[in-house]
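All remarks here apply to the structure that follows.
The values are calculated or read from the model by the stated rules, or taken from the named source; none is laboratory data. Keep in mind it's a predicted model, so treat the numbers as computed, not measured. Here the Cβ is made from the backbone with ideal geometry for all residues, glycine too, and neighbour counts use every protein chain on show. Note: accessible area is taken over every heavy atom of the protein model, side chains too, but ligands, DNA and RNA are not part of it. Shrake-Rupley method; radii C 1.70, N 1.55, O 1.52, S 1.80 Å.
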Amino acid sequence: SILGDGQVIMILDIPGIASYASLDFDTLQARKAQSPWEISDASDQEEVRNLIVFGNENNEYFALSLDSIFRLEPIQAKDLHMTGDRKYLEYQGHAVMLFTMDEFIPASSCDSKEELFIIFPKHINARAGIIASVIVDTIDTSQELSRDAASPDLVQGKFFMDDRMIQVLDHKLFFEQIEKRASEMQKEL
């Protein structure tokens, strides 16, 4: 097709391409349902959670509701700035206070990796982020969460996928704790 400014663009016939490639979308959906990381048909399930799974060192995995995350940013450990034992990142001209999971729940630190990831939460007033050593994936799951006596208040529950125990965080409570801690740190400065 030719655009109004004279440029030529290609228009793809998606159904035609699918037919030519012998793609059967029903088969693709069935294959997706077999994936251990995603559960696509939740008609008989209660709630489908859209989660981002991230980890610390020592095979510790956590998940947050994907819609509670503003941004993910890969960084190099050398880009962290320190004030005492506090970690900061310069982001868009501002100092962003960084927290690790071990500051809130029993977990390992993730300081020793060269590449880290910063998770920026939505809907908080403080300039703060969460340090993760790995972003595993985003998943849709309706697996039932289990809690036990050892589950911290910030953890809604746990589930297992691919031999990984994933602790699903209560993002509202977790972000409230981050904001409270950031506010306390600001007062100390």
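Screening Gln167, Gln156 for residues that are open to solvent by 40 Å² or more (accessible area, probe 1.4 Å) and under 19 Å from the mean Cα position of the chain (by Cα) leaves exactly one candidate, Gln156.
For the stretch 162-175, a residue qualifies if it is without any contact (Cβ under 8 Å) to a residue 40 or more places away in the chain and over 16 Å from Pro121 (Cβ atoms), and exactly one does: Asp163.
Residue check: is Asp102 of a type in the set (D, E, K, R), in contact (Cβ under 8 Å) with a residue 40 or more places away in the chain and assigned to a strand (DSSP E or B)? Talk me through it step by step, then tell me what you get.
Numbers: of a type in the set (D, E, K, R): yes; in contact (Cβ under 8 Å) with a residue 40 or more places away in the chain: yes; assigned to a strand (DSSP E or B): no.
It is false that Asp102 is of a type in the set (D, E, K, R), in contact (Cβ under 8 Å) with a residue 40 or more places away in the chain and assigned to a strand (DSSP E or B).
The number of residues in the stretch 114-137 being touching a Phe, Trp or Tyr at 6+ places or on another chain (Cβ under 8 Å) and surrounded by fewer than 13 Cβ atoms within 10 Å (Cβ to Cβ) comes to 2.
Pairing each residue of the stretch 141-161 that is more than 16 Å from Ala107 (Cα to Cα) with any residue that is among the polar types (S, T, N, Q) and modelled with pLDDT of 90 or more, provided the two are 6+ apart or on different chains, yields C-beta distances under 6 Å for Leu145/Gln156; Phe159/Gln143.
Return the residues of the stretch 96-136 that are of a type in the set (Lys, Arg) and under 22 Å from Ser183 (Cα atoms); say none if nothing qualifies.
Hits for the stretch 96-136 are Lys122, Arg127.
Name the residue that is nearest to Asn56 (Cα to Cα), counting only residues in the stretch 131-151 that are outside any strand (DSSP E or B) and of a type outside the set (Asp, Glu). If we take residues in the stretch 131-151 being outside any strand (DSSP E or B) and of a type outside the set (Asp, Glu), then Ser133 is nearest to Asn56 (Cα to Cα).
Of all the listed residues (Pro106, Pro74), the sole one being under 18 Å from the mean Cα position of the chain (by Cα) and either open to solvent by 60 Å² or more (accessible area, probe 1.4 Å) or of a type in the set (Phe, Trp, Tyr) (or both) is Pro74. Remark: Ala182 falls outside the filter, which requires a residue to be open to solvent by less than 30 Å² (accessible area, probe 1.4 Å), part of a loop (DSSP other than H, G, I, E, B) and over 28 Å from Glu47 (Cα atoms). Among the candidates Asp67, Asp111, Asp79, the residue that is at pLDDT 90 or above, within 24 Å of Glu188 (Cα to Cα) and open to solvent by 40 Å² or more (accessible area, probe 1.4 Å) is uniquely Asp79.
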